[in-house]
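Written below as structure tokens is the structure these notes are about.
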Amino acid sequence: MRWASFRDDLGRERVGLVSEMELLALEPGATLLGLLGDDGERLAAAADLARTNPADVVPLDQATLLPPIPRPPSVRDFYAFEQHVKTARERRGLGMDPDWYELPVFYFSNPAAIVGPRDEVAVPPGSSELDFELEVAAVVGQGGSNLDPTSSEQHIAGYCVMNDWSARDLQRREMKLSMGPVKGKDFATTLGPVLTTPDELEPFRGDRAFELTMTASVNGREYSRASLDDIYWSFGEMLAYASRGTRVEPGDVIGSGTCGTGCILELSLVHGEDEYPWLRPGDEVTLEVDQLGRIENRVVAGVDPIALRPGR
């Protein structure tokens with residue numbers, strides 16, 4: 001199954017089952033988050049209802065798509081692709097920290113800053129080094145705590161494409177202070193275009209994830225290409241670590257982190273900023289993952305930068 005959240009002509013948040021190039025919408029009031037919380041029976045029953053008696057039928061290319069989960073309870077973004085981590089560290093004169101192979105580390109992003117798959121993204125205040133990050137996100141379907149890495153994938157409702165937008169200049173300053181990422185990350189995270197349930201991806205099962213090609217382009221020029229199966233930490237391992245000593249809840253987002261070559265920071269460290277400049281207003285950023293779809297966001301100018309007072 002593939003599910004999409006959208007806004008109808010009356011401004012209401014709706015949810016629909018994707019069928020060919022149409023959305024078979026449920027009645028107003030139903031949300032994708034509301035269909036989660038069990039082992040998938042609610043989603044399956046809702047899909048049967050949408051196929052047999054849809055409340056509305058909306059052409060997919062005319063729908064105002066929202067993030068699949070517009071307001072997730074939490075967003076955890078991991079650091080799970082070895083190539084990305086290794087390249088970025090090598091270019092700074094650093095080797096791999098042995099603990100990276102022991103701990104699937106993550107940071108908490110801002111669930112209030114989730115962006116739709118076709119929305120504009122504003123340059124955050126005070127930044128001139130805007131970057132994209134090519135990722136895949138898993139959405140928790142059934143909550144739990146202290147999950148077993150070998151079975152925790154059963155708690156995943158589905159997957160979508162994720163862009164963890166990053167203000168590298170702000171991030172660099174903040175993390176020197178042993179905190180962060182803070183304002184360098186919390187202004188926008190794109191999710192979409194749909195939520196694809198795990199059964200749709202089983203034919204592409206690989207060693208650690210799924211053999212799905214991931215690409216990123218800026219203004220039609222391909223920047224990034226990788227496979228999701230290049231990931232070092234599986235989604236089951238990441239979800240289990242996230243649940244350790246606490247709970248994960250339905251709708252929680254688990255980001256993979258950037259794939260190899262999947263951001264301008266990494267590419268510019270290898271090839272130079274002239275070849276891979278930071279994003280500017282007017283740039284069109286497209287991320288695409290086989291079987292999961294495409295998200296396309298245009299960068300726009302933000303508000304005037306906020307100057308920090310010297311000496312404070």
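When we screen ALA50, ALA46 for residues that are modelled with pLDDT of 95 or more and either under 25 Å from the mean Cα position of the chain (by Cα) or among the aromatic types (Phe, Trp, Tyr) (or both), the only hit is ALA46. Selection within the stretch 219-231: residues that are assigned to a helix (DSSP H, G or I) and touching a residue at least 40 places away in the same chain (Cβ under 8 Å). The member of this set that is nearest to MET1 (Cα to Cα) is LEU228.
The set of residues in the stretch 30-61 being assigned to a loop (DSSP other than H, G, I, E, B) and either without any contact (Cβ under 8 Å) to a residue 40 or more places away in the chain or assigned by TED's automatic domain parsing to the domain that holds GLY192 (or both) consists of ALA30, THR31, ASN53, PRO54, ALA55. Residues in the stretch 78-101 that are among the hydroxyl-bearing types (Ser, Thr, Tyr) and assigned to a helix (DSSP H, G or I) were compared, and the one that is surrounded by the fewest Cβ atoms within 10 Å (Cβ to Cβ) is TYR101. So for the stretch 281-288 (the condition being over 18 Å from the mean Cα position of the chain (by Cα) and of a type in the set (Asp, Glu)), does at least one residue qualify? Scanning the stretch 281-288, I find at least one residue that is over 18 Å from the mean Cα position of the chain (by Cα) and of a type in the set (Asp, Glu), so the answer is yes. So for the stretch 2-21 (the condition being modelled with pLDDT of 95 or more, farther than 30 Å from LEU269 by Cβ, charged (D, E, K, R) and buried (at least 21 other Cβ atoms within 10 Å of the Cβ)), does at least one residue qualify? The answer is yes; a qualifying residue exists. Residue check: CYS263 meets all listed conditions (1) hydrophobic (A, V, I, L, M, F, W, C); (2) more than 20 Å from the chain's Cα centre (by Cα); (3) under 29 Å from SER243 (Cα atoms) but one, namely (2). In the stretch 136-157 there is at least one residue that is assigned to a helix (DSSP H, G or I) and surrounded by fewer than 17 Cβ atoms within 10 Å (Cβ to Cβ). Residue pairs whose Cβ atoms lie under 8 Å apart, sitting 6 or more positions apart in sequence or on different chains, and linking a residue in the stretch 287-303 that is modelled with pLDDT under 95 and surrounded by fewer than 16 Cβ atoms within 10 Å (Cβ to Cβ) to a partner that is in a strand (DSSP E or B) and of a type outside the set (Val, Ile, Thr), are VAL303/ALA122.
Of everything in the stretch 199-218 that is part of a loop (DSSP other than H, G, I, E, B) and surrounded by 12 or more Cβ atoms within 10 Å (Cβ to Cβ), the residue that is farthest from the chain's Cα centre (by Cα) is GLY206.
Restricting attention to the stretch 111-135, the residues that are in a loop (DSSP other than H, G, I, E, B) and in contact with a strand residue (DSSP E or B) (Cβ under 7 Å, 6 or more places away or on another chain) add up to 11.
The values are calculated or read from the model by the stated rules, or taken from the named source; none is laboratory data. For clarity, every value in this text was computed on a predicted model and none was experimentally measured. Cβ coordinates were reconstructed from backbone atoms using ideal geometry, including for glycine residues, and neighbour counts include every protein chain displayed.
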